[in-house]
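Contents: one structure, followed by commentary.
The values are calculated or read from the model by the stated rules, or taken from the named source; none is laboratory data. Bear in mind that the values here come from a model prediction, so they are computed numbers and not experimental data. Cβ atoms come from the backbone with ideal geometry, glycine included; neighbour counts cover every protein chain shown. Heavy atoms of the whole protein, side chains included, go into the accessibility calculation; ligands, DNA and RNA do not. Shrake-Rupley method; radii C 1.70, N 1.55, O 1.52, S 1.80 Å.
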Amino acid sequence: MWSSRLAFILAASGSAVGLGNIWRFPYLASDNGGGAFVLIYLGCIALVGLPIMAAEILMGRHGRMSPVNTLRKLTSEGGHSKGWVVIGWIGMAAAVMILSFYSVVGGWTLHYAWLYVEQLFGGAPITDPDATFTAMLGSPGTLVFWHTVFMLLTVGVVAMGVEKGLERAVKFLMPLLFLILLGLFAYGLSTGKVGQAFEFLFTPDFSKVHGSTWLAALGQAFFSLSLGMCGIMTYGAYLPRDISIPRVAATVALTDTSVALLAGLAIFPVVFAFGIDPAGGGPGLIFTSLPLAFNDMAFGIPYAIAFFVLLAVAAWTSSISLLEPPTAFIVEKGRFSRKSAALLAAAVIWALGLVTALGFNVWASVRIFGRDLQGAVEFIASDLMLPVGGLLIAVFAAWVLRKDISRGELPDLGNGGYTAWKVLCGILAPGMVLLILYMKLAG
């Protein structure tokens with residue numbers, strides 16, 4: 001069990017807070033109407049994200065096992081079709097596939113942090129960021145090495161169990177993440193460009209709001225909260241009975257959104273201060289544009305180290321939650337200890353990660369669905385499996401799961417609140433998720 005409400009919030013927030021919060025959300029906000037996008041995003045969090053998150057947590061807490069075995073228990077107790085167990089399999093498979101490429105990208109952040117540590121002690125500066133980034137992607141040895149280091153960091157936490165591993169890690173890593181982010185924000189204040197960054201991110205521009213804006217906000221809300229991959233369900237299995245599910249779900253969503261907004265206010269003042277084009281969001285901004293600013297700014301090398309450590313910590317806390325579901329499932333088989341199960345799951349995921357690592361160089365010419373190998377894995381796991389898993393979770397929790405179970409896990413909602421949750425989870429959320437899935441496939 002988590003020892004406290006705070007421990008669960010830190011762990012679930014760590015699962016939700018990832019690289020997408022820091023390099024994707026600010027760009028999406030700025031490109032889709034600023035404050036208008038933020039309002040739409042918050043609405044999607046409240047109407048879609050929170051109901052599904054509450055569903056995952058309540059299912060996990062009642063089942064008290066890995067996602068697959070939790071679904072077996074819930075279907076058995078309710079006399080439902082065993083076909084619903086597919087929810088657990090989809091979530092666990094998605095977690096494995098996502099972590100296989102997420103670990104490679106997490107390795108990028110470690111590699112860049114190390115490059116700047118070398119500079120701190122007299123190493124060569126990054127004078128051509130495009131060439132540095134291209135050289136990293138083109139080097140199988142570099143990608144595989146840092147992918148391995150990142151997986152070792154992840155499995156080292158998960159192998160130690162819930163209290164000694166997961167809880168101890170998030171109690172250190174999440175405050176560290178906030179401290180680094182606040183430090184970067186403080187530096188942003190010194191540039192005198194925070195007002196411009198605030199205007200860039202939050203000034204409502206409803207002329208930029210189109211159908212794609214709603215889709216982007218809904219997709220970010222759904223995927224940012226780590227829904228559909230059963231990591232939250234697994235964490236819910238360790239949640240004590242006396243803790244309110246709606247309250248912790250709302251706190252996790254608020255924390256996740258706060259990190260995304262604070263990241264924007266930390267990064268964009270530097271972007272504007274050094275004349276960088278903010279339109280190049282994502283990896284392009286992080287790995288090829290910002291390094292130019294690091295070379296020119298005061299205390300640029302320490303700032304760069306802190307920045308890439310921040311990215312690594314965000315990736316690390318998310319990767320822990322991705323490794324936990326398959327580890328818990330292997331432990332429940334009864335043949336492996338916690339450490340052995342974590343190592344086995346990590347070894348399989350590490351091997352799958354080689355597909356992504358080598359897909360940037362040795363197998364660069366290979367195409368699946370018109371995408372490179374990393375893009376194909378991400379498309380299958382993130383664009384297909386996650387929305388399908390989230391859709392099934394919402395439908396199962398609202399319409400299939402025995403009412404006494406869901407009502408018993410949400411006692412503080414009251415009759416009106418419980419009815420509202422069922423409507424949001426059983427009607428609105430599935431409809432919106434189907435829209436995401438349709439637009440992804442149609443696009």
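When you scan the range 299-315, do you find a residue that is of a type in the set (V, I, T), more than 19 Å from F121 (Cβ to Cβ) and at pLDDT 90 or above, even just one? Yes, the range 299-315 contains at least one residue that is of a type in the set (V, I, T), more than 19 Å from F121 (Cβ to Cβ) and at pLDDT 90 or above.
Residues that are modelled with pLDDT of 85 or more, part of a helix (DSSP H, G or I), open to solvent by 20 Å² or more (accessible area, probe 1.4 Å) and not hydrophobic (A, V, I, L, M, F, W, C) within the range 157-208 comprise K164, R168, K171, P175, G183, Y187, S190, G195, Q196, E199, S207, listed in sequence order.
Residue under question is L413, and the condition is that it be part of a helix (DSSP H, G or I), under 30 Å from Y238 (Cα atoms) and either touching a His at 6+ places or on another chain (Cβ under 8 Å) or open to solvent by 40 Å² or more (accessible area, probe 1.4 Å) (or both); does it hold? Judged against the criteria, L413 is a match. Within the range 209-240, the set of residues being farther than 21 Å from V68 by Cα and not in a helix (DSSP H, G or I) comprises V209, H210.
Here's the yes/no breakdown for (1) at pLDDT 90 or above; (2) not hydrophobic (A, V, I, L, M, F, W, C):
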residue: G20; (1), (2): no, yes
residue: S30; (1), (2): no, yes
residue: A36; (1), (2): no, no
residue: E56; (1), (2): yes, yes
residue: P67; (1), (2): yes, yes
residue: K73; (1), (2): yes, yes
residue: G88; (1), (2): yes, yes
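Contact annotation: residue pairs with Cβ atoms under 6 Å, 6 or more positions apart or on different chains, pairing a residue in the range 387-416 that is under 14 Å from I57 (Cβ atoms) with a partner that is outside any helix (DSSP H, G or I) and not hydroxyl-bearing (S, T, Y), are G390/L227; G390/G228.
Within the range 311-330, not a single residue is open to solvent by 50 Å² or more (accessible area, probe 1.4 Å), touching a residue at least 12 places away in the same chain (Cβ under 8 Å) and either farther than 23 Å from G91 by Cβ or among the β-branched types (V, I, T) (or both). Of everything listed in (1) open to solvent by 30 Å² or more (accessible area, probe 1.4 Å); (2) part of a helix (DSSP H, G or I); (3) over 28 Å from L166 (Cα atoms), the single unmet condition for S258 is (3). Restricting the first member to the range 167-193 and to residues that are over 16 Å from M297 (Cβ atoms), and the second to residues that are surrounded by fewer than 17 Cβ atoms within 10 Å (Cβ to Cβ), the beta-carbon pairs closer than 7 Å and six or more apart or on different chains are E167/S3. Of all the residues in the range 333-344, those that are in a helix (DSSP H, G or I) and either over 21 Å from the mean Cα position of the chain (by Cα) or farther than 14 Å from M160 by Cα (or both) number 6. Scanning the range 328-343 for residues that are under 14 Å from N69 (Cβ atoms) and polar (S, T, N, Q) yields a total of 0. Total residues in the range 356-389 satisfying the condition of being open to solvent by less than 10 Å² (accessible area, probe 1.4 Å) and either touching a Pro at 6+ places or on another chain (Cβ under 9 Å) or farther than 20 Å from V68 by Cβ (or both): the figure is 4. For the range 418-436, a residue qualifies if it is under 28 Å from the mean Cα position of the chain (by Cα), surrounded by fewer than 20 Cβ atoms within 10 Å (Cβ to Cβ) and over 19 Å from G60 (Cβ atoms), and the qualifying residues are A420, V423, I427, L428, G431, L434, L435.
Checking each residue in the range 393-443 for being out of contact with any Ser or Thr (no Cβ under 9 Å at 6 or more places or on another chain) and of a type in the set (V, I, T) picks out I393, V395, I405, T419, V423, I427, V433, I436.
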